[in-house]
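Have a look at the structure below before the remarks.
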Amino acid sequence: MILKRKLQIKFTLIIILAVFVGLVSYPQATVRAPFLYDTLNKLKINLGLDLQGGIHLEYRADVSQVESNQVGDAMQAVQDVIERRVNAFGVAEPVIYTTRSGSEQRLVVELAGVKDIEEAKSLIKETPFLEFKEEGGGTDESQQIPQDILDDMNAQAKVKAEDILKKALAGEDFAQLAKDNSEDPGSKDNGGEYDFQKKGSFVPEYEAVIFDKGLGDGQIFPELVETTFGWHIIKRIEVREIDGSQEFKSAHILIAKKTQPEPQMNFVSTGLTGKNLETAEVAFQNQGLSEPQVSLKFDGEGAKLFAEITKKNIGKRVAIYLDDMIISAPTVQAEITNGEAVITGDFSIEEAKDLVKRLNEGALPVPITLISQQSVEASLGQASLETSLKAGAVGLLLVIAFMILYYRFLGLIASFTLLIYTGLMVTLFKFSVFSPWQITLTLSGIAGFILSIGMAVDANILIFERTKEEIRNGRHALAAIDEGFKRAWTSIRDSNVSSIITALILTEMGTGFVKGFAVTLILGVLVSMFTAVVITRTILRFVAGEWLERKKYLIGVKEK
Amino acid sequence: MINIISKTKYAYIFSITLTALSVLSLFVWGLKFGIDFTGGTLLEVRFPESAPNVSEAEDALRDLNLGSLTLQPAQNQGMLVRYASEDDALNQKVFEALEGKYAGIQRLRVDFINSTVSQDLKKNSLWAIFFAVAGIMVYIAWAFRKVSRPVESWKYGAGAVIALIHDILITVGVFSVLGRFYGVEVGIPFVAALLTILGFSVHDTIVVYDRTRENLLRGSAKEKFPEVVNRSLNETLVRSINTSLTVIITLLAVYIFGGESIKDFSLALLIGVTFGTYSSIFIASALLVTSYNLQSR
């Protein structure tokens, strides 16, 4: 009687479990009970990037310039910067982590459900890498341009300038010509125009045209003006006098002169990088042609480093590299202790503003290169999810049909168990979100899950075949079922071990596809061992009775 | 009772032929490695209206001089574009070139793998295969640790291993042929499929061997070894077939309905599991009998 009681309790527990996993897996069933529905519907399976759309990016970080004991810090800084940028983009739950492969440091960025994948990518790509370098001795001759080629280039530039001058004098729109042709980044976007400047702030050749050559307001000077910058086509707009000093407004088109680049020094890293940057802003310098520049302020550590570097390098040059390109290499005049520096370069106002924005969002301490990308558009992810769910449903139904046709009554019980198994797996997927072992279901994971449905009934088949054998050997049906479970257990255990061994090795292989597959397969094998043995057995014991002995055809054994 | 052992000769001929053909194909044609192992980009695009034919789309990319470029039509006005690439900037150019010719084209999927990553994947796959084989060997040694007569236990192990090599070689051979004629590529999923087959193949064989040993222990002295093996095969035949059948049913569902990206993966598993079932019924036990016959001669 106690046994019977125990069985009843077990059976009741199984029914409760079945209802529970059923509702968790299919919350739509409770749509009439809004409270329950709301709670259950909140549980979601964590879908992989290939199913909900998204992007997986892997970057290699070049840490060759970083001392080995600071690699960890540098990588942390890279991660922080990228995290900040990604957060600014407003992606829900970005996953960003650093990993290593051999001696290589890598950064992995996973963004789920991103609408515009390219935009997200360029956002990360634009994260600037800022570095200060000092002279390391020796020069790099490879940058030198042979003099005859240089002359040639300049002759061509002059011809181009003359051509533009002709057009301008013929009445073509000056502003448009400037926009299309001018090589002065400070003014070209503005139609070549500079607002009022005090006399004396531009190069003398330029001002001579404005003030001394008899040019009137609104007129274009009919000759090319050569300065150290190149050839100018100059238009005087207005000259006025304020407080006794002359001011002028003008526009020009510059065709730049190519000059021999300064002999490149071999610059070496100083350890001062974008990591130490506190803020950046746009500033203007007013000498010669007005050029926007970017002023930087370092944090405490950076200021200290910068002071050391400038102190060490007085009279020498310190180069500022942005994204591995040298943008300026000023000569240090004195030690700078206030932690402020200025970058000048060929910036247009827009470029300077953009750079400042990028720098303020964070500059990288080491350069990174994209080495691997997997991106899936949301609609494709959705389609994959639908097709794989369909495959799963078809697979499940076919297995159930097979089991019932072949094993009849026993198959029916096994099918019921299989449904519980399926629900239990879905429930585990959903609840894993609350555990440290969160399961992310990918396409390959679904494939593993579907495969595990086929494998889950394996244990039942082993048991049922054994049972049939025992019945054929003349055992009572109920005893045969018991015997079937007992004798099949070792086979079930052993046969699953080899699957688990290979699946475990697969999880260590590391790639997302394989991991997703292997994890669900292992989970499936373990869960199905429980459902196929414990649950099937309890249900069978509860449902089967003496009547089964008289209806052996229900088990698929012919009556003797 | 079906006398399976008596048909050994045919099974051997069939299996040796298939295995030899697989090895031959592997030597002559090799496998067509995908970007997982070679590095490069796989780009899936969808055209706004019907997809143009392959050569027309190829024209749009001519100027880029892409290495090992292949284009392949895909479902829903789609096309798969594969090419060698080291640098992400190229991926952008390729798409822009396509966009220039076909306005409104959509980029559905981009898999880009730089050669450093593909080297890693190659290395990891080899390690995984090594560990899986080692793990399976250890498991086989453990499963057959009990000495049994009249055939020594290591021979059971050897039989299981031969059956396993047979299954793997044939699967790889089929993919070599598919690669040659249908451009099917092998990548990480294929390796995963092979390792899964390793696990399956062994477990099928072990079920049959277990029964043989059980019958040997309990059987009468009159029954000869080949007869015991044959009886064991018959007793486990239905369950061998049925357990594989349910797995094959689900794999077929995945193969047919599961979509493009896991088709090749499920196909590899299908082939492996099918041959795994065949070999554990017709080859693995036959090997025991053959070795017994050689021994008692």
**OP:** Could you tell me which numbered condition B:Y156 fails, if it satisfies all but one of (1) surrounded by 14 or more Cβ atoms within 10 Å (Cβ to Cβ); (2) more than 21 Å from A:S499 (Cβ to Cβ); (3) away from chain A (no Cβ under 12 Å); (4) not aliphatic (A, V, I, L, M)?
**Re:** (2)
Original post:
Can we say A:A393 is surrounded by fewer than 17 Cβ atoms within 10 Å (Cβ to Cβ), within 14 Å of chain B (Cβ to nearest Cβ) and outside any loop (DSSP other than H, G, I, E, B)?
Top reply: yes
Original post:
Restricting attention to the stretch A:439-456, does a residue exist that is free of Cβ contacts under 8 Å to residues at least 24 places away in the same chain, within 10 Å of chain B (Cβ to nearest Cβ) and either touching a Leu at 6+ places or on another chain (Cβ under 8 Å) or not in a loop (DSSP other than H, G, I, E, B) (or both)?
Top reply: no
Original post:
Would it be correct to say that A:T520 is over 44 Å from the mean Cα position of the chain (by Cα), in the same structural domain as A:A414 (by TED's automatic domain parsing), at pLDDT 75 or above and crowded, with 23+ Cβ neighbours inside 10 Å?
Top reply: no
Original post:
Hey, A:A479 hits all of (1) among the small types (G, A, S); (2) more than 7 Å from chain B (Cβ to nearest Cβ); (3) buried (at least 23 other Cβ atoms within 10 Å of the Cβ) but one; which does it fall short on?
Top reply: (3)
**OP:** Check B:L71, B:L26 and return the single one that is assigned by TED's automatic domain parsing to the domain that holds B:L233, farther than 24 Å from A:K121 by Cα and modelled with pLDDT of 85 or more.
**Re:** B:L26
Subject >> Among (1) over 30 Å from A:M325 (Cα atoms); (2) touching a residue at least 24 places away in the same chain (Cβ under 8 Å) - the single one A:A393 does not satisfy >> reply: (2)
Original post:
Are there any pairs with C-beta distances below 8 angstrom linking a residue in the stretch B:46-67 that is touching a residue at least 24 places away in the same chain (Cβ under 8 Å) and in the same structural domain as B:A97 (by TED's automatic domain parsing) to a residue that is assigned to a helix (DSSP H, G or I) and among the small types (G, A, S), with the two at least 6 apart or on different chains, and if so which?
Top reply: B:A51/B:A57; B:A60/B:A97; B:A60/B:G100; B:L61/B:A97; B:D63/B:A97; B:L64/B:A97
Subject >> helices (runs of 4 or more DSSP H) contained entirely in the stretch A:498-556, each with at least 3 residues that are within 14 Å of chain B (Cβ to nearest Cβ) >> reply: A:512-530
Original post:
Looking at B:V151, B:V161, B:V174, B:V191, which one is within 12 Å of chain A (Cβ to nearest Cβ), among the β-branched types (V, I, T) and on the phi < 0 side of the Ramachandran plot?
Top reply: B:V191
**OP:** Collect the residues in the stretch A:63-95 that are surrounded by 15 or more Cβ atoms within 10 Å (Cβ to Cβ) and part of a loop (DSSP other than H, G, I, E, B), keeping them in residue-number order.
**Re:** A:V63, A:Q65, A:V66, A:V91, A:P94
Original post:
Can you tell me which residues in the stretch B:39-68 are touching a Ser or Thr at 6+ places or on another chain (Cβ under 9 Å), among the polar types (S, T, N, Q) and either buried (at least 18 other Cβ atoms within 10 Å of the Cβ) or closer than 27 Å to B:A103 by Cβ (or both)?
Top reply: B:T41
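Yes or no, residue by residue, for (1) within 13 Å of chain A (Cβ to nearest Cβ); (2) farther than 25 Å from B:G135 by Cβ; (3) touching a Pro at 6+ places or on another chain (Cβ under 6 Å):
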{"site": "B:V207", "(1), (2), (3)": "yes, no, no"}
{"site": "B:D210", "(1), (2), (3)": "yes, no, no"}
{"site": "B:K224", "(1), (2), (3)": "no, yes, no"}
{"site": "B:N230", "(1), (2), (3)": "no, yes, no"}
{"site": "B:I241", "(1), (2), (3)": "yes, yes, no"}
{"site": "B:S244", "(1), (2), (3)": "yes, no, no"}
{"site": "B:V247", "(1), (2), (3)": "yes, no, no"}
{"site": "B:A253", "(1), (2), (3)": "yes, yes, no"}
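Hey, among A:I404, A:I400, A:I371, A:I413, which residue is modelled with pLDDT of 85 or more and within 9 Å of chain B (Cβ to nearest Cβ)? Spell out the reasoning first.
Numbers: A:I404 fails: within 9 Å of chain B (Cβ to nearest Cβ); A:I400 fails: within 9 Å of chain B (Cβ to nearest Cβ); A:I413 fails: within 9 Å of chain B (Cβ to nearest Cβ).
After ruling out the rest, the residue left standing is A:I371.
Would you tally the residues in the stretch A:475-491 being β-branched (V, I, T) and under 16 Å from A:V543 (Cα atoms)?
Initial filter on the stretch A:475-491 (β-branched (V, I, T)): A:481, A:490.
From what is left, the residues that are under 16 Å from A:V543 (Cα atoms) are A:481.
Of the residues in the stretch A:475-491, 1 are β-branched (V, I, T) and under 16 Å from A:V543 (Cα atoms).
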Original post:
Can you find a residue in the stretch A:293-302 that is out of contact with any Asp or Glu (no Cβ under 6 Å at 6 or more places or on another chain) and under 30 Å from A:E207 (Cβ atoms)?
Top reply: yes
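The values are calculated or read from the model by the stated rules, or taken from the named source; none is laboratory data. Because the structure is a prediction, the values reported are computed rather than measured. In this analysis, Cβ positions are derived from the backbone assuming ideal geometry, glycine residues included, and neighbour counts consider all displayed protein chains.
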